[in-house]
Amino acid sequence: MTIPQKKEYAGIDYFRLIAAFLVVAIHTSPLSGLNETADFVLTRVLARVAVPFFFMVSGFFLFSKTEAEKLNFYGLAVLLKKTAFLYGIAILLYLPLNIYAGTLGEWRCLPNLLKDIVFDGTFYHLWYLPAAIFGACIAWLLLKRLPSRQAFIISLILYIVGLFGDSYYGISEKIPFLKAVYQNLFWFSDYTRNGLFFAPVFFMLGALLARQTKRIPLQTCLIGLAVSFVFMLTEGLLLHSLKLPKHDSMYLMLLPCMFFLFQSLHFWKGKNPKYLRNLSMLIYLIHPAVIVVVRGFAKATGLQRLLIDNSVIHYLAVASGSFAAAIVLVMILNRKRTHKSNSMQRHKDRVWAEINMLNLRHNVQVLRDALPVGCEIMAVIKANAYGHGAAEISAYLHRIGVDSVAVATIDEAIYLRRKGTKGEILILGYTSEARTSELFRYRLSQTVVDAEHARELNRFGKPIQIHIKVDTGMNRLGENYRHVSEIASIFDCENLKVRGIFSHMCVSDSTETGNVAFTKAQIQHFYELLDGLKAKHIQLPKIHIQSSYGVLNYPELQCSYARIGIALYGVLSTFDAQTKCSLDLRPVLALKSKVVLARTIESGESVGYGREFVAERETKVAVISTGYADGFPRSLSTGKGHVLIHGCRAPIIGRICMDQLMADVTGLPDIKRGDVVTLIGKDGSEEITAEQVAVNAGTITNELLSRLSNRLERVFLDL
Ligand SMILES: *Cc1c(COP(=O)(O)O)cnc(C)c1O
């Protein structure tokens, strides 16, 4: 399918650590005591891959989407927020050293302070963070506005401008005009190695690699890497001997070198410890402080000769010190996080839904395979993701490359935005004109339910994203498909950004001849309308018509999206559903509860409200802490429903109460308080499917699941 799945890139993650140690080398010159040239090669040439590598990684993950129009602002916003936050912390962390070094005096002159904050960093290594911010923004804007080739060329030009203010500065210096230009540039930033000239091209390279469809074979990559590295070495040594560099961060050959390096690492996929990413960043941020500590320690203990004068030992001391400090910090941060998640994860002691994310991921894969190329999943996560927990489901879907979601109401949409959902959120239901400002503020996409609704939204005066709903026979929401001019007029509303046009089918779940004919007519009406719009020279936005059953029975339709709800959760609406294609979907949700009391009653005693169950023999009754207020249908009372305990089926007896239900566990071995009860899901070899429960309750799974109440705990497995 078109969206690449996010994989575990072990090679890239492990190299982050190497890159961090290379940066430490740049700032400690480990070989300087042995051989100047060797040190030059290590710190001024080899280690120069480190920072570009970090930029490329950011670019790679930021832009791992295929089309430019899919660039969403939220990915960028998250990166910027994180980086700015880190930068803020780092500035504070290094403030004492700034004070000690007397930089504060320089900052009395405001331009100096601004220059440091914006470009050069307030401490020598901190330039990286503002550069990451600038680089990401520039690359993002270029890719948003221009075809990727042009965007890349512009970033390349910026890099070349930078080159002549860096290791090729000796040449510019000899040309009076260039010299003047660079002198002016240096007024803003001490180096051209910054977010404007240096970073964008590497973000762009990362983006290029993320989007490339054909991979170069590993062997070619490695040869390319070796060759370009030799050239870079030659370049570096040559420039050095000619005394051209003002600074030595930027080489021409660094670009092919990085390209091949990244490509080669990219081949190494697999699991890696999650904390690697944070670890390298922490080492990067703290190592200058560790240098100070090591020096202080050496001075205090009189070990200068060993710890400072011996460059190799100095490097090892700083590197291991930084590594140890970073590990301690990661552990502290992780402990905080697990503490938080422990306190969030309640105790599974009453009734809870287990949400299996691996099954969700499996279903996404199966559905993607079933859809034609170019058609993406729009995940329908209305009604708290059919009871599964919308915020977590949407975050997980985003991680596996599903970026468009649909909900029913504006409040559901705002909830998701506030919880950090990125990408497009389409509101399928009606939103009144009074709430248009919220549509704008939260960048939501609104379904317009008829042409009049479109005009109402247009009156707001600021751009609103919409999808046009077309009614093709269901007679629920949507402008009638025959009203071509009315629908065309929506495209003329100057404040409406039409991102999609769609219809909904009302009997696509049925394979009965009459219903198939009706559905085909609906589809035909929809496409006729689209043709009518094309005839009016309207450029069509994204189109979508299938929901779950639309995909299962009409998989051949070529749309931009399929709005998939129930199938994503691995169940069908009913029990004996006949569909054209049968997919291997796996249920995501299991509903579990506990026995709170087990008692034995005599023959003739009754159980529960209305005394509907009367024991005909000595009966063992288990009281289970689930009721209809938890979303378990009351219609499953007496004779309609079962539960599983210890892998055995036990019938529900008496009326289901608001907060409890009772089951007959006579003959089941050793039932006691605290035993786990399965209401939906598997226990041993027995299974109660959501479809069975729904049919027994006289409804469909859609209703059963979406009514699961917020009183349930939700436990996410494999998140
Ligand atoms: C709920 C809904 C869907 C999803 O339907 P499923 O059958 O659960 O896949 C799709 N489109 C619209 C308009 C909906 O309201």
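Determine, from the Cβ-Cβ distance of residue 460 and residue 581 and an R0 of 51 Å, the FRET efficiency 1/(1 + (r/R0)^6), rounded to the nearest 0.05. Can you show the working numbers first?
On the way: r = 43 Å, r/R0 = 0.84.
Taking R0 as 51 Å, the efficiency between residue 460 and residue 581 is 0.75.
So for the chain, averaging the separation of alpha carbon pairs under 8 Å that are six or more residues apart and normalising by length, what relative contact order in percent results? It would help to have the intermediate numbers written out before the result.
On the way: 1284 pairs, mean separation 85.6, N = 719.
So the answer I get is 12 percent.
Can you pull out the trypsin sites (Lys or Arg not before Pro) in region 417-496 whose DSSP state is coil and whose Cβ has at most 15 other Cβ atoms within 10 Å?
Numbers: sites: 417, 418, 419, 422, 435, 441, 443, 455, 459, 469, 476, 482; in loops: 419, 422, 443, 459, 476, 482.
Those that pass, being in a loop and sparsely packed, are 419, 459, 476, 482.
Count the DSSP beta bridges whose two residues both fall in the chain, then state the antiparallel fraction as a percent rounded to the nearest 5.
Values: 32 of 67 bridges.
About 50 percent, rounded to the nearest 5.
Step through the table entries 594/640; 422/534; 469/580; 348/682; 269/682, compare each Cα-Cα distance with 22 Å, and write down the pairs that go over it.
Long pairs (Cα-Cα over 22 Å): 422/534; 469/580; 269/682.
With r defined as the distance between the Cβ atoms of residue 685 and residue 366 and R0 fixed at 25 Å, what FRET efficiency is calculated, to the nearest 0.05? Mind dumping the intermediate values first?
Details: r = 25 Å, r/R0 = 0.98.
E between residue 685 and residue 366, to the nearest 0.05, is 0.55.
Work out how much length residue 241 to residue 324 would gain on full extension: take 0.36 nm times their residue separation and subtract the Cα-Cα distance, in nm to one decimal.
Extending this stretch completely gives an extra 26.1 nm.
Work out, step by step, the length gained on full extension between residue 476 and residue 80: first 0.36 nm times the residue separation, then minus their alpha carbon distance; give nm to one decimal. The partial results should precede the final answer.
On the way: separation 396, 0.36 × 396 = 142.56 nm, distance 4.25 nm.
Once the chain is fully extended between residue 476 and residue 80, it gains 138.3 nm.
Compute the separation of the alpha-carbon centres of region 471-548 and region 220-256 and state it in Å as a whole number.
After rounding, the separation between the Cα centres reads 58 Å.
Using a 7 Å offset from Cα along Cα-Cβ at residue 634, what residues in region 654-697 end up with backbone N under 14 Å from the label point?
Hits in region 654-697 for residue 634 at 14 Å: 655-661.
Quick check: net charge around residue 602, other residues with Cβ under 12 Å of its Cβ, Lys/Arg +1 and Asp/Glu -1?
Working: positive: 599, 617, 620; negative: 605, 616, 618.
Around residue 602, the surrounding residues sum to 0.
Just to confirm a number: summing +1 for Lys and Arg and -1 for Asp and Glu over residues other than residue 659 whose beta-carbon lies under 14 angstrom from that of residue 659, what do you get?
With Lys, Arg at +1 and Asp, Glu at -1, the net is +3.
Which of the GluC sites (Glu not before Pro) found in region 587-677 are in a DSSP loop and have at most 10 neighbouring Cβ atoms, other than their own, within 10 Å?
On the way: sites: 602, 605, 612, 616, 618; in loops: 602, 605, 612, 616, 618.
Sites meeting the loop and neighbour criteria: 602, 616.
Output the peptides 403-414, 78-89 sorted from most to least packed, where packing is the average of other Cβ atoms within 10 Å over each peptide's residues.
Numbers: 403-414: 21.8, 78-89: 14.6.
Per-residue Cβ counts within 10 Å, averaged per peptide and sorted highest first, yield 403-414, 78-89.
I'd like the per residue volume of the convex hull spanned by the Cα atoms of region 354-569, given in cubic angstrom.
Working: hull volume 24.3 nm³, N = 216.
So the per-residue Cα hull volume is 113 Å³.
If I model a spin label as a point 7 Å beyond the Cα along the Cα-Cβ vector, how far apart are those points for residue 506 and residue 535 in nm?
Simple spin-label model gives 2.6 nm for this pair.
With a probe of 1.4 Å, find how much accessible area region 398-494 has per residue, and write the answer as a whole number in Å².
42 Å²
Carbon and sulfur together cover what percent of the accessible area of region 73-122 at a 1.4 Å probe radius? Walk me through the intermediate numbers first.
On the way: 2270 of 3010 Å².
Using a 1.4 Å probe with all protein chains present, region 73-122 comes out at 76 percent carbon and sulfur.
Highest mean first, what order results for 557-563, 488-494 on Cβ atoms within 10 Å? Walk me through the numbers on the way to the answer.
Details: 557-563: 20.4, 488-494: 15.1.
Result, highest mean first: 557-563, 488-494.
Between 0 and 90 degrees, rounded to the nearest ten: what's the tilt of helix 128-145 against the longest Cα principal axis of the chain?
With both axes taken from Cα atoms, the answer is about 60 degrees.
For the chain, max minus min Cα coordinate along each principal axis, in Å, sorted largest first?
100, 71, 53
Consider just the alpha-carbon atoms of region 29-272 and return their Rg together with their Dmax, both in angstrom.
18.7, 55
Between the DSSP loop rule and a limit of at most 12 other Cβ atoms within 10 Å, which GluC sites (Glu not before Pro) in region 12-119 are left?
Numbers: sites: 36, 67, 69, 106; in loops: 67.
Answer by residue number: 67.
The values are calculated or read from the model by the stated rules, or taken from the named source; none is laboratory data. Note that the coordinates shown come from a computational prediction; the quantities given were computed from them, not determined experimentally. Don't worry about glycine lacking a Cβ; one is built from the backbone with ideal geometry, like all the others, and counts go over all protein chains shown. Just the protein is used for accessible areas: all its heavy atoms, side chains included, with ligands, DNA and RNA removed. Shrake-Rupley method; radii C 1.70, N 1.55, O 1.52, S 1.80 Å.
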